[in-house]
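**Student:** First, the structure itself, so that you have it in front of you.
The values are calculated or read from the model by the stated rules, or taken from the named source; none is laboratory data. Quick caveat: nothing in here was measured; it's all calculated off a predicted structure. Glycine also receives a Cβ, built like all others from the backbone with ideal geometry; neighbour counts cover every protein chain displayed.
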Amino acid sequence: MKIVVAIKQVPERDAQVRIDAAGKWPNTWIVEADLQFALNEPDAYALEEALQLKEKSVAADGEVIVVSAGPERVGAAIREALAKGADRGIHVVCDDLGARDALGVARLLAAAIQPESPDLILAGLQSEDLGLGQTGVIVAELLGLPHATLILHAEKTETGVTVKRELEEGWFQTIEMPTPAVLTIQSGGNKLRYATLMGIKRAKTREVRRLTAAELDADSAPVVVLERVTLPQKQKSTQILSGTAKEAAAALVEKLKFEAGVL
């Protein structure tokens, strides 16, 4: 079974993010100069699911390939995935990734993935920076493949793959799908593994194929533009509710329901 895992490098969770002067996306919407970057955690769960599928496969030719788009620093995320057990990587070198919306990024990934003809394509449910949750399903649409989201677990079958989906209010759904297919993986379905010292050494020798956006000829014209990005403003407000205790309680319930939206 050949599995491709799309991964993304994002700012670390505890990074102090500053909005740039333009404050627009897609564009350079945050100041990256002082940021530290890490592998997107939902993509780490997608990688773990792919590695477990490979380990459970009886076929000797199983392969896990990671693909990522972005500037040179993205190579660190690819090497981390290789150290955890991926067999090879594809780096779409793209310095203008921030100027591409979800469709533009998906076009890059789909163009890089298509020649591999994988049995499965996995991706995290969403990225920790933008949180759009769109890239994986757009890749499926561009490649003309069936897809399922919110996947906690996948298992290879003789005719395709069986997946367990997380639904609302503690409900789950198990469905059978043909392959090839695209799955977006929900965080928390597996326990993430650490890269071993041997894996880190082995990652240095594993193949990372480099492609450019120009070579892939993927249209980057954005169809979605967010006009302004601002940090939330801190503010305090105090209201005194008059009347009897019963009247004040009723007024409080009304405000919590219709103004605060918490009831």
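**Student:** Give the residue, chosen from 136, 131, that is under 14 Å from the mean Cα position of the chain (by Cα) and part of a loop (DSSP other than H, G, I, E, B).
**Tutor:** Result: 131 is the single residue among 136, 131 that is under 14 Å from the mean Cα position of the chain (by Cα) and part of a loop (DSSP other than H, G, I, E, B).
**Student:** Among the residues of segment 31-41, is any surrounded by 19 or more Cβ atoms within 10 Å (Cβ to Cβ) and either touching a residue at least 60 places away in the same chain (Cβ under 8 Å) or within 22 Å of residue 182 (Cα to Cα) (or both)?
**Tutor:** Yes, the conditions are met somewhere in segment 31-41.
**Student:** Let me ask you something else. Here is a check on your reading of the model: is residue 259 surrounded by 11 or more Cβ atoms within 10 Å (Cβ to Cβ) and either of a type in the set (Asp, Glu) or in the same structural domain as residue 90 (by TED's automatic domain parsing) (or both)?
**Tutor:** Here the answer is no, as residue 259 does not meet what is asked.
**Student:** Please state which of the following conditions residue 61 fails to meet, knowing it meets all the rest: (1) assigned to a loop (DSSP other than H, G, I, E, B); (2) of a type outside the set (S, T, N, Q); (3) surrounded by 21 or more Cβ atoms within 10 Å (Cβ to Cβ).
**Tutor:** (3)
**Student:** Follow-up question, since we're still on this one. Every residue in segment 204-233 that is among the basic types (Lys, Arg) and not assigned by TED's automatic domain parsing to the domain that holds residue 74, please.
**Tutor:** Passing the criteria: only 228.
**Student:** Okay, next question. If the Cβ limit is 9 Å and pairs must be 6+ apart or interchain, which residue in segment 84-110 that is under 19 Å from residue 217 (Cβ atoms) pairs with which residue that is in a loop (DSSP other than H, G, I, E, B) and among the aromatic types (Phe, Trp, Tyr)?
**Tutor:** Cβ pairs passing all conditions: none.
**Student:** Give segment 135-149 a look and list any residue that's surrounded by fewer than 20 Cβ atoms within 10 Å (Cβ to Cβ) and either under 11 Å from residue 102 (Cβ atoms) or in contact with a Cys (Cβ under 7 Å, 6 or more places away or on another chain) (or both), or say none.
**Tutor:** 137
**Student:** Spot the failing condition for residue 78; the list is (1) farther than 19 Å from residue 212 by Cα; (2) of a type in the set (A, V, I, L, M); (3) out of contact with any helix residue (DSSP H, G or I) (no Cβ under 8 Å at 6 or more places or on another chain), and only one is missed.
**Tutor:** Checking residue 78 against (1) farther than 19 Å from residue 212 by Cα; (2) of a type in the set (A, V, I, L, M); (3) out of contact with any helix residue (DSSP H, G or I) (no Cβ under 8 Å at 6 or more places or on another chain), the one that fails is (1).
**Student:** Hey, another quick one. Among residues belonging to segment 190-216 that are assigned to a strand (DSSP E or B) and among the β-branched types (Val, Ile, Thr), point out the one that is nearest to residue 133 (Cα to Cα).
**Tutor:** 212
**Student:** Here is a further query. Any residue in segment 242-253 that is over 23 Å from the mean Cα position of the chain (by Cα), hydrophobic (A, V, I, L, M, F, W, C) and assigned by TED's automatic domain parsing to the domain that holds residue 91?
**Tutor:** No.
**Student:** With the requirement that a residue be of a type in the set (S, T, N, Q), in contact with a helix residue (DSSP H, G or I) (Cβ under 8 Å, 6 or more places away or on another chain) and part of a loop (DSSP other than H, G, I, E, B), what does segment 144-189 give you? Spell out the reasoning first.
**Tutor:** Going through segment 144-189, the residues of a type in the set (S, T, N, Q) turn out to be 149, 157, 159, 162, 173-174, 179, 184, 186-187.
After this cut, where a residue has to be in contact with a helix residue (DSSP H, G or I) (Cβ under 8 Å, 6 or more places away or on another chain) as well, the list is 149, 184, 186-187.
Matches in segment 144-189: 186, 187.
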